[in-house]
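Contents: one structure, followed by commentary.
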Amino acid sequence: MSNHDHERALELIARHGTEDLAAADVGWLESHLAACEACAQYANDFDTTGRLLRATAVTASPALVASTQARVRARAMLLHEQRSRMVLIAISFCLGAMSSAVSAWLWWRFGAWVAGRFGLSPAIVQPGIMLALVWPAIVIAGLMLAFPHPVEGHLMAALARGREGENQ
């Protein structure tokens, strides 16, 4: 028998109790276990270990359960907060985009009026007005990128401090 046969047998033994195996695989495994004593012993040990693990009750301490519940609640609060923020951000974006489009058109028209009134070139006045309107947003976006402020760090730290206070 090749080393590949033993590897296949070990894989099928591990999958046998948890997955439905094809009839051809089950037949091959049974014939291999009949011919290979090492794999048969491994299959027997694997089944015995599985039965022992299923027979042993595993319980968690109350402190572990409480801390796990607190972490799950904290994570759920964080996810809820993120979802709420995303909805507000989406609404704000849509309102901002609509008002920006309207105000850009109005300012463009104002630029044309200024250019006509003072005899200036509209090719310079209109883009200049638009740049003056956009410049603060560009500066603020650059500052926000340069100095990010993590939101979730504060929430998790506050929840951890609250949990430590309860444990003391």
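Is there a residue in segment 93-100 that is out of contact with any helix residue (DSSP H, G or I) (no Cβ under 8 Å at 6 or more places or on another chain) and modelled with pLDDT under 85?
Yes, the conditions are met somewhere in segment 93-100.
Against the conditions (1) at pLDDT 85 or above; (2) over 30 Å from P62 (Cα atoms); (3) loosely packed, with under 11 Cβ neighbours inside 10 Å, where does F110 fall short? Just the number, please.
All conditions pass for F110, except number (3).
Say we look at segment 1-24 and pick out the residues that are surrounded by 13 or more Cβ atoms within 10 Å (Cβ to Cβ) and of a type in the set (A, V, I, L, M, F, W, C); which of these is modelled with the lowest pLDDT?
Going through segment 1-24, the residues surrounded by 13 or more Cβ atoms within 10 Å (Cβ to Cβ) turn out to be 5-6, 8-10, 12-16, 21.
Next, from what is left, pick out any that are of a type in the set (A, V, I, L, M, F, W, C): 9-10, 12-14, 21.
Values: A9: 88, L10: 88, L12: 87, I13: 86, A14: 86, L21: 81.
Once the filter is applied, the top-ranked residue is L21.
Which members of segment 25-69 meet the condition of being surrounded by 13 or more Cβ atoms within 10 Å (Cβ to Cβ) and outside the structural domain of R8 (by TED's automatic domain parsing)?
Scanning segment 25-69 gives A66, S67.
I need a count of the residues in segment 131-155 that are in contact with a helix residue (DSSP H, G or I) (Cβ under 7 Å, 6 or more places away or on another chain) and at pLDDT below 80. Please lay out each step first, then the result.
Going residue by residue through segment 131-155, those that are in contact with a helix residue (DSSP H, G or I) (Cβ under 7 Å, 6 or more places away or on another chain) are 133, 152, 155.
Checking the rest, the ones that are also at pLDDT below 80 come to 152, 155.
So the answer is 2.
Okay, residues lined up against (1) at positive phi; (2) in contact (Cβ under 8 Å) with a residue 24 or more places away in the chain; (3) under 32 Å from the mean Cα position of the chain (by Cα):
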position	(1), (2), (3)
I91	no, no, yes
V102	no, no, no
G119	yes, no, no
I129	no, no, no
I140	no, no, yes
L143	no, no, yes
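Within segment 53-85, restricting attention to residues that are aliphatic (A, V, I, L, M) and at pLDDT below 90, which residue is farthest from T18 (Cα to Cα)?
Our first condition is that a residue be aliphatic (A, V, I, L, M); within segment 53-85, this holds for 53, 55, 57-58, 60, 63-66, 70, 72, 74, 76-79.
Adding the requirement that they be at pLDDT below 90 leaves 53, 55, 57-58, 60.
Numbers: L53: 14, A55: 17, A57: 20, V58: 20, A60: 25 Å.
Here the answer is A60.
Could you tell me which numbered condition R163 fails, if it satisfies all but one of (1) at pLDDT 60 or above; (2) part of a helix (DSSP H, G or I)?
Condition (1) is where R163 drops out.
The values are calculated or read from the model by the stated rules, or taken from the named source; none is laboratory data. Everything numeric here is computed off the predicted structure, so don't read it as measured data. When we count neighbours, we look across all protein chains shown, and the Cβ atoms used for this are built from the backbone with ideal geometry, even at glycine.
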